[in-house]
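What follows is a short report on a single structure.
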Amino acid sequence: TITVNCSATTGQGIEELMEMVLLQTEILELNANPEARARGIILESEMHKGFGSVATVIIQNGTLKKGEAVVLGNYWGRVKTIRDGIGSEVELAGPSMPVEITGLSGLPKAGDEFIVIETEREAREIAEARSEEGWQKSLVAKKKISLENLLLDAAGSQKKVLNLILRADVQGSLEALKVAIMKI
């Protein structure tokens, strides 16, 4: 692991940091094709008053353009607006650029992948197929009941249960809360 001492206030070590980043990109062969179909990772998603579902994504390959159809995990959409890190609207976003996009059918989970699809209809079909597949897997997981599980459930029925409703501003915060509470 490469470490570089630097300071944003004094500017000390910034040149060395940039050199090390460039060195790592060469060693790890991190290349992106801006001409390719855009794909990347969802960093965060939230409901925003006036915009609806908003997802913060980072583009790993290709260029995302306004109006393109996308599949984001189990959701789909047509990109209505693209906003950069400072909140100003842009028409397109290139590789390694984090942006906020709107025009989504729901709130995708942080960490899901997104990809640009030819048509909005195809995107909807893919998203619905993924959603149905996940629903069927959850049903199969629930049906697996064994004698041991029944005995454990009967023994565990004496435990006290605390029902909670969690609300958070963004999906990432909600997931962090769930994990922390489940560890208790």
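Miscellaneous remarks
- Apportionment of accessible area to carbon and sulfur, the chain, percent (1.4 Å): 55
- Evaluated over the Cα positions of region 1-100, the convex hull gives a direction-averaged projected area, one quarter of its surface, of 8.5 nm².
- Computed lengthening from Asn33 to Ile184, 0.36 nm per intervening residue step minus Cα-Cα distance: 49.9 nm
- For Lys66, Lys109, the ranking by accessible surface with the largest value first comes to Lys109, Lys66, using a 1.4 Å probe.
- The mean accessible area for residues of the chain, using a 1.4 Å probe and ignoring ligands and nucleic acids, is 72 Å² per residue.
- Filtered GluC sites (Glu not before Pro), region 72-105: DSSP coil and at most 14 other beta carbons within 10 Å: Glu91
- Accessible area (Å², 1.4 Å probe, nearest 10) - Lys137: 130
- Among Val170, Val70, Val161: highest mean-square fluctuation, GNM of the chain, C-alpha pairs under 10 Å: Val161
- Calculated on the alpha-carbon coordinates, the convex hull of region 50-114 measures out at 77 cubic angstrom per residue.
- Largest to smallest accessible area among Met182, Met47, Met20 [probe 1.4 Å]: Met182, Met47, Met20
- Calculated P(r) tail over 28 Å for the chain, as whole % of Cα pairs: 46
- Of Ile181, Ile27, Ile82, the residue with the largest accessible area leads and the full order is Ile27, Ile181, Ile82 (1.4 Å probe).
The values are calculated or read from the model by the stated rules, or taken from the named source; none is laboratory data. All values derive from a computational prediction rather than experimental measurement. As a convention, Cβ positions derive from the backbone with ideal geometry for all residues, glycine included, and neighbour counts pool all protein chains shown. Each accessible area value is taken on the protein alone, full model and side chains, heavy atoms only, with ligands, DNA and RNA left out. Shrake-Rupley method; radii C 1.70, N 1.55, O 1.52, S 1.80 Å.
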